[in-house]
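Scroll down for the structure; my scribbles are underneath it.
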Amino acid sequence: MNSPQVLIPADDYERLADRLSALDHDIEPLLWSRDGVSLPDGSAIADADGTPIGEAGYAPSAACISIGLLFGGDLAPFVEAALAPGTLRWTQACLAGTDAPPFQQLLAEGVQLSRSDAPNDATAEHTMSLVLSTFGDWAGRIDRRRAGTWLQVPWREVRGSRWLIVGFGSIGRKLAALARPFGALVVGARRSVADDADLAAADAMVTMEAVADELPLADVVVLTCPLTDETRGLVDADFLAAMRGDAVLVNVSRGPVIDAEALLAWLDADNEATAALDVFDTEPLPAESPLWNHPKVVMTTHIGGAGSGMAARNDDLFVSQLETFLAGDTPRLLVAG
């Protein structure tokens, strides 16, 4: 009986090779690279020794999507190649969110898709850094240093601040674990009933219906919810109007959770609000977007989960999940198709 074939980006295989060979189940690793002639779409498939694999011998049952595929712009061709023979049964993603079209394509083809919790630690840390940068006005401090200006300006402390985390799941719990030791009071909001882990992680839990009552109280509002039909445009003019005039709005979920026009109107109003944004409606953010140079915006380029430990955590997850799949059991973190 032939060993199951597992498709892996060639750039990631060296890092995974020893661990894959130590699995309890034999596999045949197949290495994918962007340019070649093995498949009709131009992708190259080779075995672990670099020998090209043609269409006749190509039948992957599992695949690994790494962060390198996303940053390299290769997610779509990798998914196309993985789906080509019609044998793919399960894929491990590298992100918590799976709204990107290639992920939806996998689900549409009936492939089991597991999302990843590997970015969670980095996303929480990145969110914390955005808030600390905003509270401390680090952009202003750097500008004054470059101008040679000695100015002693008070700054805003996290201690005593109130945080509302909208979409209090695994990322929200990680963030709460960072913010609460700083002295912040954390309120979590989620659609479903809070479980014991949520109740232990936050100072208080509310339903999404009660978010409007919490907005006027929050110094920091963090969006960590997935993009769904219910959350698209969640942060609209009414949502923003209910927030404090000196609040910090942080979005590390997905751009369309915020109504872009309403956000700009809120930022252009006479208030002291700040938007700390890692995600946007259109990515890369168009050069003409006013967000690039808006004085009330702190922004990063959708790199919240891309911490230095993210790849290693995703490797751990993939190897563990692959062992589960090969044993005939159900991998965790499956996305509903």
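Going through region 77-91 one residue at a time, which ones are assigned to a helix (DSSP H, G or I) and open to solvent by 50 Å² or more (accessible area, probe 1.4 Å)? Let's see the steps before the verdict.
Narrowing region 77-91 to residues assigned to a helix (DSSP H, G or I): 77-83.
Selection gives 80 alone.
Please go through region 13-46 and pick out each residue that is open to solvent by less than 70 Å² (accessible area, probe 1.4 Å), of a type outside the set (A, V, I, L, M) and modelled with pLDDT under 90. Passing the criteria: 36, 38, 42, 43.
Where strands (runs of 3 or more DSSP E) fall wholly inside region 240-321, the ranges with 1 or more residues that are surrounded by fewer than 20 Cβ atoms within 10 Å (Cβ to Cβ) and out of contact with any Cys (no Cβ under 6 Å at 6 or more places or on another chain) are 297-299.
May I ask you to verify whether residue 160 is surrounded by fewer than 20 Cβ atoms within 10 Å (Cβ to Cβ) and under 27 Å from the mean Cα position of the chain (by Cα)? No.
Considering every residue within region 92-106, establish whether at least one is open to solvent by 50 Å² or more (accessible area, probe 1.4 Å) and closer than 18 Å to residue 279 by Cα. Yes, there is a match, as at least one residue in region 92-106 is open to solvent by 50 Å² or more (accessible area, probe 1.4 Å) and closer than 18 Å to residue 279 by Cα.
Residue check: residue 142 meets all listed conditions (1) of a type in the set (Val, Ile, Thr); (2) under 28 Å from residue 21 (Cβ atoms); (3) open to solvent by 40 Å² or more (accessible area, probe 1.4 Å) but one, namely (2).
Counting the residues of region 198-209 that are loosely packed, with under 12 Cβ neighbours inside 10 Å and either under 28 Å from residue 133 (Cβ atoms) or hydrophobic (A, V, I, L, M, F, W, C) (or both) gives 1. The single condition among (1) in a strand (DSSP E or B); (2) within 18 Å of residue 169 (Cβ to Cβ) that residue 226 does not meet is (1). In this structure, does residue 136 turn out to be modelled with pLDDT of 95 or more, of a type outside the set (D, E, K, R) and open to solvent by 50 Å² or more (accessible area, probe 1.4 Å)? In short, no. The C-beta contact set for region 1-27 (first residue without any contact (Cβ under 8 Å) to a residue 60 or more places away in the chain, second residue open to solvent by 90 Å² or more (accessible area, probe 1.4 Å), distance under 7 angstrom, 6+ apart or interchain) comprises 3/26.
The values are calculated or read from the model by the stated rules, or taken from the named source; none is laboratory data. It should be emphasised that the depicted structure is a prediction, and the values quoted were computed from it without experimental measurement. Don't worry about glycine lacking a Cβ; one is built from the backbone with ideal geometry, like all the others, and counts go over all protein chains shown. Just so you know, the surface numbers come from the protein's heavy atoms only, side chains and all, with ligands and any DNA or RNA stripped out. Shrake-Rupley method; radii C 1.70, N 1.55, O 1.52, S 1.80 Å.
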